[in-house]
Amino acid sequence: MISVILPVYNGEAFIKETIESILNQTEENFELIIVNDGSTDKSEEVIKSFTDRRIRYFLQENKGVAAARNKGLSHCKGDFITFHDADDLSLKNRFEKLLEGFYGEDIVFVHSDMLLINEFNQPVGYWQSNNIHPSELFSFFINVGTPYNNGTIMYRKEKIINNKIPPYVLGEDTAFVMNIAVNYPSYHIPEPIYLYRRHSKNASQNNSYETLVQHIKEFLAQTEPSKFLKEIDWSDEPKERNQLKANLIVGVALSKRGLFPETVKLFDEAIPFITDQKDRDFFEGMKALVEKRFHDAENIFSQYEEKDHIIENYCGEALLHQHKYNEAYIHFLNALKLKADYVTPTQNLKAIGQMIGLNLVDKYRNKYY
């Protein structure tokens, strides 16, 4: 059985359509746990208009979506758990397809792509997701963000029931997912079986910069760099040089995501770890990348007589930013010759190919061009 946890706070505008999309699933073996988080509108009236025996209704004072989800977790009886936002919709066969994804006992959660819709039920975009190995998750999170569309996920209850959702204003589900994903494999369904509604009242539409980077700050405070910066030879280099590299690599990654205050902080903290000219050159080269002085970065990295895999990669990145594809390609290959499991230059090879000419196996959109 599936436990569907549906927190509601002042959701009268969309809650009826949302509940209907859940109750009309082709997979009928589920319970719908609705937690009314102190709504002051007519949400309760709408909810109570449904008489389906699978609905279990709980009312609490307003404590936030995380508390509502945790309350739902404490009452769920199913073998599988999925969270559902009060303004989103599930396609009729969503639960059926998600269950099919649990084809082996090792699969702990299944997730999908999703179509974005607005308050008028009009399509406004598409969010793709993908499979990712737990060992690569930390690096992906720093460089890109969460690789999952969190609202689409269904979990195997026995593996996640002891986890609690942190009381964040935004992205409480991201922290929850990350705690699961670093330990267990997942399965991805490349179809938009979840419709995610974007409108002016979305929490994700109205948050400060500090809220948006909360996960990054906590991640960096709680995670040893050696767990996600595997390109650094932690046992072979001096401690100071390793810390310098860690700060600058993370700083450059965050700058690509527009998180410049965090980038500046990391670069400032790196300065005391500069011990020689080699360190100084690396600092200046990475600084030039952040400041988009790509020709300067190219010159700095190119002057190294012996380039390690990290220098080769960032020299390639400086060239790639200048659309010097052939030269960048050589440096990324050199980086991989020196360290075959270095993830970043592999991703950069992918970027080169996509920038020159993207050819998708999925041809559905091509029918309409």
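The values are calculated or read from the model by the stated rules, or taken from the named source; none is laboratory data. As the structure is a computational prediction, the values presented were derived from the model and not from experiment. Every residue, glycine among them, receives a Cβ derived from its backbone with ideal geometry; neighbour counts consider all protein chains shown. The area values use the complete protein model at the heavy-atom level, side chains included, leaving out ligands, DNA and RNA. Shrake-Rupley method; radii C 1.70, N 1.55, O 1.52, S 1.80 Å.
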message = So the check is Cβ under 9 Å with 6+ separation or different chains; which pairs have a first residue in the range 320-341 that's within 22 Å of Lys292 (Cβ to Cβ) and a second one that's part of a loop (DSSP other than H, G, I, E, B)?
response = His321/Lys292; Ala328/Gln322; His331/Lys307; Ala335/Glu231; Ala335/Lys307; Ala335/Asp308; Ala335/Tyr342
request  = Please work out if Val108 is β-branched (Val, Ile, Thr), in contact with a strand residue (DSSP E or B) (Cβ under 8 Å, 6 or more places away or on another chain) and open to solvent by 60 Å² or more (accessible area, probe 1.4 Å).
outcome  = no
request  = Please identify the pairs in which a residue from the range 218-238 that is buried (at least 17 other Cβ atoms within 10 Å of the Cβ) has its Cβ atom under 7 Å from the Cβ atom of a residue that is among the small types (Gly, Ala, Ser), counting only partners at least 6 apart or on another chain.
outcome  = Pro225/Ala246; Phe228/Ser139; Leu229/Ala246; Ile232/Ala246
message = Considering only the range 50-64, I want to know if a residue exists there that is more than 26 Å from the chain's Cα centre (by Cα), among the aliphatic types (A, V, I, L, M) and closer than 27 Å to His188 by Cβ.
response = no
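Each row is one residue, and each column tells you yes or no for (1) more than 22 Å from Lys230 (Cβ to Cβ); (2) among the basic types (Lys, Arg); (3) surrounded by fewer than 18 Cβ atoms within 10 Å (Cβ to Cβ).
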| site | (1), (2), (3) |
| --- | --- |
| Gly258 | yes, no, yes |
| Glu298 | yes, no, no |
| Ser302 | yes, no, yes |
| Lys307 | no, yes, no |
query = Within the range 332-369, how many residues are open to solvent by 60 Å² or more (accessible area, probe 1.4 Å), closer than 28 Å to Ile232 by Cβ and of a type in the set (S, T, N, Q)?
reply = 3
key: Any helices (runs of 4 or more DSSP H) falling wholly within the range 266-369 and containing at least 1 residues that are touching a His at 6+ places or on another chain (Cβ under 6 Å)   = 294-302, 309-321, 325-338
note = Given (1) at pLDDT 95 or above; (2) in contact with a helix residue (DSSP H, G or I) (Cβ under 9 Å, 6 or more places away or on another chain), Glu210 misses just (1)
request  = Out of Glu269, Glu262, Glu224, Glu237, report the one residue that is among the charged types (D, E, K, R), closer than 19 Å to Ile311 by Cβ and modelled with pLDDT of 85 or more.
outcome  = Glu237
inquiry  = Can you find, within the range 240-259, the residue that is farthest from the chain's Cα centre (by Cα) among those that are of a type in the set (A, V, I, L, M) and under 18 Å from Ile310 (Cα atoms)?
reply    = Leu244
query = Considering only the range 115-149, how many residues are modelled with pLDDT of 90 or more, surrounded by 13 or more Cβ atoms within 10 Å (Cβ to Cβ) and out of contact with any strand residue (DSSP E or B) (no Cβ under 6 Å at 6 or more places or on another chain)?
reply = 1
query = In this structure, does Asn131 turn out to be under 17 Å from Val4 (Cα atoms) and among the polar types (S, T, N, Q)?
reply = no
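Name every residue in the range 117-141 that is in contact with a Leu (Cβ under 9 Å, 6 or more places away or on another chain) and farther than 28 Å from Asn348 by Cα, in order of residue number. Don't jump to the end; show me each part of the working.
Going residue by residue through the range 117-141, those that are in contact with a Leu (Cβ under 9 Å, 6 or more places away or on another chain) are 117, 121, 123-127, 138-139.
Within the range 117-141, Ile117, Asn121, Pro123, Val124 meet the criteria.
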query = If only one of Tyr314, Tyr329 is within 23 Å of Ser139 (Cα to Cα), surrounded by fewer than 21 Cβ atoms within 10 Å (Cβ to Cβ) and in contact with a Leu (Cβ under 8 Å, 6 or more places away or on another chain), which one is it?
reply = Tyr329
task = Within the range 79-99, identify whether any single residue is over 22 Å from Glu20 (Cα atoms) and buried (at least 20 other Cβ atoms within 10 Å of the Cβ), and answer yes or no.
result = no
